[in-house]
Each structure stands twice: as C-alpha cells, then as structure tokens.
Amino acid sequence: MTIARHLVTIDRLCSEEFPAAHGRSGTGVAGPGYRLAELATSTDFWEDDGTEREETETQFEADRDALSQRLAERWGPPDVFSLWSVSSRYLEGEDIAEPWGPLSSHVPDVHLWRADGRWVALGVSQWDKELPFQLVALITEIDPP
C-alpha cells in the first residue's frame, strides 16, 4: 500500500541524522538540518490540454490528505501552514533559511507537525504547470519562518 510505504519512509527519515552537506539523497534532497523526500511523482503535462493536470493535482492533494490523516492519528491534527508569504519574501531577496525558502518556491502550503523535536511537513509540489506534481515530506529541525 502506498500510504504504508510513505509512512515507513517518513519514520525512517525522522530517525536518521541530518547530513553535514547539501546534496541528493536516496529519497530526494538533504542538507544540514533537513531532509526533503519525494514520496511520489506524476508524469509531466507538456502534451496535456489541462484536464489531466487538474485530475492529477486533485489526486495528489487527496493522497497528501490521506497521509496527513494517518499522521494525525499519531501526532494530532496538523497545522496547515501557508508558504505564500515566505515565497514572496524569498523571491524579494530576503534570506530565508533552507529548507523553507526554496520549498516555498514550489509548494504553496504544508500540513505541519512538531514531533520528537523535529518538524514534519507534507506538501504537494509543482515547479511549473507543465512539470510533474510531487508529494513531498520534509523532516527538519529548522523552525518555519
């Protein structure tokens, strides 16, 4: 089951140490104080009339919500944290700590928990309308801005 596999990935990332340097990891990207896992990735939308993109976005949001519900059973209801203002500030040149600044460039909001001294966030990423959607999980010790 996909949700079960995502929960295993999140549990593993919550228990691992953070790397000393930025780079790719087995599940996505990581750096000092954070790991960003790419849990699922759609196809791209270069040949789409908009229909498949809309259906895919709806499905990825439903997947995030289902995974969020399972995590809420452990840690309580999430805070839904908008990254819109973070993105605006980041694009205007404000120094926003990784992973939050770069994350805000492609994830509009996250479901957010504080668990065992770390932040756990779920979001749906898309860099541009023709590019794939991704279901992402962020585990970090860096406070949200």
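Val120 - would you say it is under 15 Å from the mean Cα position of the chain (by Cα), modelled with pLDDT of 95 or more and part of a strand (DSSP E or B)? Judged against the criteria, Val120 is a match. Within the stretch 91-117, the set of residues being of a type in the set (Gly, Ala, Ser) and crowded, with 19+ Cβ neighbours inside 10 Å comprises just one member, Ser104.
Determine the pairs where a residue that is touching a residue at least 24 places away in the same chain (Cβ under 8 Å), located within the stretch 36-60, has a partner that is part of a helix (DSSP H, G or I) and open to solvent by 40 Å² or more (accessible area, probe 1.4 Å) with Cβ atoms under 6 Å apart, the partner being 6 or more residues away or on another chain. Partner pairs satisfying both residue conditions: Phe45/Arg53.
Selection of the stretch 102-136 for residues being touching a helix residue (DSSP H, G or I) at 6+ places or on another chain (Cβ under 6 Å), under 14 Å from Val80 (Cα atoms) and among the aliphatic types (A, V, I, L, M) yields Leu122, Val124. Here is the figure for the stretch 11-27: residues that are surrounded by 14 or more Cβ atoms within 10 Å (Cβ to Cβ) and either touching a His at 6+ places or on another chain (Cβ under 9 Å) or within 15 Å of Glu141 (Cβ to Cβ) (or both) total 4. Candidates Ala115, Ala40, Ala97: the one that is closer than 16 Å to Ile3 by Cα and among the small types (Gly, Ala, Ser) is Ala40.
Quick check on my filter: what residues within the stretch 28-42 are open to solvent by 40 Å² or more (accessible area, probe 1.4 Å) and out of contact with any Phe, Trp or Tyr (no Cβ under 9 Å at 6 or more places or on another chain)? Spell out the reasoning first.
Quick first cut of the stretch 28-42, residues open to solvent by 40 Å² or more (accessible area, probe 1.4 Å) only: 29, 32, 38, 41.
If the condition is that a residue be open to solvent by 40 Å² or more (accessible area, probe 1.4 Å) and out of contact with any Phe, Trp or Tyr (no Cβ under 9 Å at 6 or more places or on another chain), then Val29, Glu38 are the ones that fit.
I'd like the full set of residues that are surrounded by fewer than 19 Cβ atoms within 10 Å (Cβ to Cβ) and either among the hydrophobic types (A, V, I, L, M, F, W, C) or touching a residue at least 24 places away in the same chain (Cβ under 8 Å) (or both), limited to the stretch 128-143. Of everything in the stretch 128-143, those that are surrounded by fewer than 19 Cβ atoms within 10 Å (Cβ to Cβ) and either among the hydrophobic types (A, V, I, L, M, F, W, C) or touching a residue at least 24 places away in the same chain (Cβ under 8 Å) (or both) turn out to be Lys129, Glu130, Leu131, Pro132, Glu141, Ile142, Asp143.
The values are calculated or read from the model by the stated rules, or taken from the named source; none is laboratory data. This is a predicted model, so every value here is computed, not measured. Here Cβ is always computed from backbone atoms with ideal geometry, including for glycine, and neighbour counts include all displayed protein chains. For the accessible areas, the whole protein counts, side chains as well, though only heavy atoms, and no ligand, DNA or RNA atoms are used. Shrake-Rupley method; radii C 1.70, N 1.55, O 1.52, S 1.80 Å.
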